[in-house]
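Data block below; observations after.
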Amino acid sequence: MPGTRKLGRPTAHRKAMLRGMVTLLLENGQVETTLTRAKEVRSIAEKMITLGKKNTLASRRAALAYITKEDVVTKLFSEIAPKYAERQGGYTQIFKIGARRGDAAEMAIVRLIDEEAKAE
């Protein structure tokens, strides 16, 4: 089935949840969630970083329309996007961390790739 996953939520709830998770990921650098949510968050976060690499007024407004905090958008355009200037995609990585205790849902951590840590 083409398109995005529905994640068992109504459309408005799903969009709000993903906006919040993308904002949290860009703010903190990582977020822990279920595997299917992590895959959705990854695709949206990579689109936001690509917008940050363009660094135009239109791309800043597009990012502000999705990300819920203005200071996170400022961080995206000033710190995060320049860090990935030479990279052509693949700004995030997903690590599986096992099953959740209550319902055995597959859990994962979505994290921004850190170039300095890889070099060391």
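The values are calculated or read from the model by the stated rules, or taken from the named source; none is laboratory data. A quick note: this is a predicted structure, and the numbers were derived from the prediction, not measured. Note that we place each Cβ from the backbone using ideal geometry, even for glycine, and neighbour counts take in every protein chain shown.
Numbers for the structure displayed
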quantity	calculated
Extreme residue, farthest from the chain's Cα centre (by Cα), among residues of the stretch 55-97 that are more than 14 Å from V22 (Cα to Cα), surrounded by fewer than 16 Cβ atoms within 10 Å (Cβ to Cβ) and of a type in the set (S, T, Y)	T56
Filter result for L57 (in contact with a Phe, Trp or Tyr (Cβ under 9 Å, 6 or more places away or on another chain) and either free of Cβ contacts under 8 Å to residues at least 24 places away in the same chain or of a type outside the set (K, R) (or both))	no
Exclusive hit being modelled with pLDDT under 95 and over 16 Å from E32 (Cα atoms), set A65, A85	A85
Flag for L64 being without any contact (Cβ under 8 Å) to a residue 12 or more places away in the chain and either within 17 Å of D114 (Cβ to Cβ) or among the aliphatic types (A, V, I, L, M) (or both)	yes
Search result, residues across the stretch 103-120 that are modelled with pLDDT under 95 and outside any loop (DSSP other than H, G, I, E, B)	E115, E116, A117, K118, A119
Test for A108: is it crowded, with 17+ Cβ neighbours inside 10 Å, within 16 Å of the chain's Cα centre (by Cα), of a type outside the set (S, T, Y) and over 15 Å from Q30 (Cβ atoms)	no
